[in-house]
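Right, one structure below, let's go through it.
Coordinate-derived values only; no laboratory data. This structure is a prediction, so every number in the text was calculated from the model and none was measured. We place every Cβ from the backbone using ideal geometry, glycine too, and count neighbours over all the protein chains shown.
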Amino acid sequence: MIKAGIIGSTGYAGGELVRLLKQRDDVQIVWYGSKSYVDQPYAGIYQNMYEIADDVCKDDNMAELAEKADVVFTATPQGLCASLVSEEILSKTKIIDLSADFRIKDVAVYEEWYKLKHASPQFIGEAVYGLPEINRDQIAGARLVANPGCYPTCSTLSVYPLAKEGLIDVDTLIIDAKSGVSGAGRGAKVDNLFCEVNENCKAYGVASHRHTPEIEEQIGYAAGRKVTLNFTPHLIPMNRGILITAYAKLTRDISYEEMKAVYDNYYGGEKFVRVLPKDVCPQTRWVEGSNYVDVNFKIDKRTGRVIMMGAMDNLVKGAAGQAVQNMNLMFGLREDAGLGQVPMFP
């Protein structure tokens, strides 16, 4: 039995972690952390957990939690995990951080984009970027995993095979992204009110979104060099989902069959990445509530470009589901344990 603690259990990603872990017989949640709801019943905040999660919320005392849990999930704003983690805590428990604190290897880049002084840069080198389809072996032996961001997960998995094989000019890469409102978190914000979001679509974080350096770093690892790209996210009036449409110049003439073979080579053995048939575009509705990522591509012979596409649920594969996938690897379990939820529709 794995004993798990969640700091930030009442946010959307934390709530999704609870939903996924409560369906398992081999995991016990021993700590529902929530600074805003200390001593309040968890099921009083999320009524879907009535008679399922009977515990009350606790604070963010990671030192105390490390004595009780085999793994700690931190589904918290940037800066908190870095301020709490220590060598003593890591000697007692494993940590899967859903914030950006340990995703970016260059501390100066993190501090520039997140406007925070990093509280524990000594652990950045040790932290493993938790994208299992790429870093599976390193994750298995890690004690600190940086769970990727939602946009970077979908962007990287959509683009990675072609960047890795040198089939695209990464200097021409443009990524257009759409996200449901849950990606903005559960905190009250005027811009996320129903009347502000409904019947509307808008770009935000233009040329300044914090996931940009994370995407650049991961695509840079694939390409084997520094990458600078345009990333523009948009807010869509739906609860869940991310859709990525990425564009880049091809480095040579290539057929559909050859490119399809590249994607199949990378993802043919992957449980959660589905390469769709020719001319079938990924849609958020076909991955909702699941840990699946649907990807595909379209070669545009007229412009010499390729359009790379991906769709996933931002709260599952984009956050909690991927965190559980990482936990499974860290504890030597089947990677898909507890993640067999079929996408729900309608």
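Summary of values
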item: Least to most buried among R334, R103, R19 (fewest other Cβ within 10 Å first); result: R334, R19, R103
item: Potential extension, A63-M344 segment - 0.36 nm per residue separation minus Cα distance; result: 97.3 nm
item: Along principal axes, Cα extents of the range 2-126, largest first, whole Å; result: 46, 28, 23
item: Helix-only mean residue ellipticity at 222 nm for the chain, each DSSP H run of n ≥ 4 adding -39500 (n - 2.57), per residue, nearest 500; result: -7500 deg cm²/dmol
item: Cα gyration tensor category, rounded, prolate or oblate, for the range 238-333 with a/c compared to 1.5; result: prolate
item: Cleavage-rule hits, GluC sites (Glu not before Pro), the range 67-145, DSSP coil, Cβ neighbours within 10 Å at most 12; result: E67, E126
item: For N230, residues with placed amide H under 5 Å, excluding near neighbours; result: I175
item: Charge sum, other residues only, whose C-beta stays under 10 Å from A320's C-beta, Lys/Arg counted +1 and Asp/Glu -1; result: 0
item: Modelled FRET efficiency - R0 45 Å, Y204 with K249, Cβ distances, 0.05 increments; result: 0.95
item: Segment L116-E270, extension gain: residue separation times 0.36 nm, minus the distance between their alpha carbons; result: 51.8 nm
item: Amide H within-cut-off set for G130, under 5 Å, with H built and near neighbours excluded; result: A146, N147
item: Peptide ranges 203-210, 134-141, 245-252 listed from the most packed, as the mean C-beta count within 10 angstrom indicates; result: 245-252, 134-141, 203-210
item: At R0 = 51 Å, FRET efficiency that the Cβ-Cβ distance of V38 and R136 yields, to 0.05; result: 0.85
item: Under 13 Å, Cβ to Cβ, from E87 - net charge with Lys/Arg +1 and Asp/Glu -1; result: 0
item: Fully extended contour minus Cα-Cα distance, from S91 to N239, at 0.36 nm per residue; result: 49.5 nm
item: DSSP bridge pairs, the chain: antiparallel proportion in percent, nearest 5; result: 50 percent
